[in-house]
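Undergrad: Quick one: the structure is below, and I'll ask about it shortly.
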Ligand SMILES: [Zn+2]
């Protein structure tokens, strides 16, 4: 359980956590089965003995925390090697260090911003006991130890002050110690250094090709590998690229085969209406009443007055009304019609018309035009509203309204029903699907690119829409 939070590597298990002398002490046991000899690099599986290391770690809940690591001493199995036994390396602390890498990183990141004594004080509040002298030593010990015989290196660009100066760090791929820190992060930054290290056979580098070209120029036999992080980043990027370039927005599967989208035709939605059920419906256009017999007042607007298009039209109508009002005001003091026409960019006829209008007519300009359709719908509004209240299925409402004499377009009727639902906030159960006239045929599975990408990246179960 605890290892989900505190992780010291797969081969290092937390055996116990204790509070000792007001400190957190974490007991860690090594479960490694092999280790590389630091000298000859041969892998040894021969354990010689165990040893204990005490290492200070980053604090937990601002309480000083240290690790007691029970690790192995291995025997070098290479008879030619001058090393007989060696301590195994730990993934979280360097050789001979009394602090973990994480703790050193914490100290260094604070010391960038303040003096060593201030850093020491701040850290004491956080639960790290470290003297200013030790901090000074850590800073000066960021040692760069070059090795002209190095064979395996990692190359990475680093920001020295975030976003300002860039450098190229070259490190030993085995123990990760810094071999060189070079100015800049382009090809020329590393050319000279590479030339002085002819034994390099492996370079782990990031995916940027800036280094790649110069590496193959200077060291043509060297193998270039991408480290896991960069590899993963690359993979995701390629995946995305492939998805957006190669995979269409919708994939159609028919008879277990991917079908070209040009072969898929939408079909009209088939609505099956039970004639017996339809016959039983009995609604008239009298005003709806609640259960106490009081009339229900409701919004009969043809358009959904919350919709963007409605709001846009309403704004235009209001603007027109205001403009006419201004023109009429102006015409009271200005007798030259030509001047007003130019000022408001209106024709002579329009101007004449505006001046003739009554105040009432002007006000009416901002209200919705009563269209022929709206008047037709008036004969069914109450009836439809009552059916919606009673959750009569949409296809039955449409069919019933037609039976009752509605003869305008079904599309208009659907739109009106939707407006009634929305403008009156009715909790009516209707899928938007019904408002589409067409859908994909039932034997065709439609998967969207987005669903597919989501599925791959999250492994979450995604419902495949048969109809979209
Ligand atoms: Zn050895």
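Undergrad: Please identify the pairs in which a residue from the stretch 41-64 that is outside the structural domain of residue 122 (by TED's automatic domain parsing) and closer than 20 Å to residue 88 by Cβ has its Cβ atom under 7 Å from the Cβ atom of a residue that is within 16 Å of the ligand (Cβ to nearest atom) and assigned to a strand (DSSP E or B), counting only partners at least 6 apart or on another chain.
TA: Matching pairs, first to second residue: none at all.
Undergrad: Could I ask something else about it? Do we find that residue 47 is more than 42 Å from the chain's Cα centre (by Cα), within 13 Å of the ligand (Cβ to nearest atom), modelled with pLDDT under 95 and surrounded by 15 or more Cβ atoms within 10 Å (Cβ to Cβ) in this structure?
TA: No, not satisfied.
Undergrad: Further question: From the list 328, 321, pick out the single residue that is modelled with pLDDT of 85 or more, touching a helix residue (DSSP H, G or I) at 6+ places or on another chain (Cβ under 8 Å), closer than 30 Å to residue 419 by Cα and surrounded by 15 or more Cβ atoms within 10 Å (Cβ to Cβ).
TA: On the way: 328 fails: closer than 30 Å to residue 419 by Cα.
So the residue among 328, 321 that is modelled with pLDDT of 85 or more, touching a helix residue (DSSP H, G or I) at 6+ places or on another chain (Cβ under 8 Å), closer than 30 Å to residue 419 by Cα and surrounded by 15 or more Cβ atoms within 10 Å (Cβ to Cβ) is 321.
Undergrad: Which of the residues that make up the stretch 134-144 are within 14 Å of residue 99 (Cβ to Cβ) and in a helix (DSSP H, G or I)?
TA: 134, 135, 137, 138, 139
Undergrad: Further question on the same structure: May I ask you to list pairs of residues, at least six apart or on different chains, whose Cβ atoms are under 7 Å apart, with the first in the stretch 80-102 being in the same structural domain as residue 135 (by TED's automatic domain parsing) and in contact (Cβ under 8 Å) with a residue 60 or more places away in the chain and the second being within 16 Å of the ligand (Cβ to nearest atom) and outside any loop (DSSP other than H, G, I, E, B)?
TA: 89/35
Undergrad: So, in the stretch 21-36, exactly how many residues are surrounded by 15 or more Cβ atoms within 10 Å (Cβ to Cβ) and touching a strand residue (DSSP E or B) at 6+ places or on another chain (Cβ under 6 Å)?
TA: Number of matching residues: 10.
Undergrad: Now for a different question. Which one is surrounded by the fewest Cβ atoms within 10 Å (Cβ to Cβ) among residues in the stretch 83-94 that are assigned to a loop (DSSP other than H, G, I, E, B) and within 16 Å of the ligand (Cβ to nearest atom)?
TA: Applying the first criterion (assigned to a loop (DSSP other than H, G, I, E, B)) to the stretch 83-94 yields 83-84, 88-89, 91-92, 94.
Going one step further and asking which of them are within 16 Å of the ligand (Cβ to nearest atom), we end up with 83-84, 88-89.
Numbers: 83: 15, 84: 8, 88: 20, 89: 16.
Ranking the candidates gives 84 first.
Undergrad: Something else: Is it the case, given these coordinates, that residue 64 is within 45 Å of the chain's Cα centre (by Cα), within 25 Å of residue 2 (Cβ to Cβ), more than 16 Å from the ligand (Cβ to nearest atom) and loosely packed, with under 15 Cβ neighbours inside 10 Å?
TA: no
Undergrad: Just to be sure I understand the filter: pairs with C-beta atoms under 6 Å, separated by 6 or more residues or on different chains, first member in the stretch 371-388 and at pLDDT below 80, second member part of a helix (DSSP H, G or I). Which pairs pass?
TA: That search, which allows pairs on different chains as well, returns 373/412.
Undergrad: Same structure, new question: Can you pull out every residue in the stretch 95-121 that is exposed (fewer than 15 other Cβ atoms within 10 Å of the Cβ) and either within 16 Å of the ligand (Cβ to nearest atom) or within 20 Å of residue 12 (Cα to Cα) (or both)?
TA: Matches in the stretch 95-121: 95, 96, 98, 102.
Undergrad: Follow-up. What is the one condition in (1) loosely packed, with under 14 Cβ neighbours inside 10 Å; (2) under 32 Å from the mean Cα position of the chain (by Cα) that residue 253 does not satisfy?
TA: Condition (1) is where residue 253 drops out.
The values are calculated or read from the model by the stated rules, or taken from the named source; none is laboratory data. Keep in mind that what you see is a predicted model, and the values were worked out from it rather than measured. Ideal geometry is used to build each Cβ from the backbone, glycine not excepted, and the neighbour counts take in all protein chains shown.
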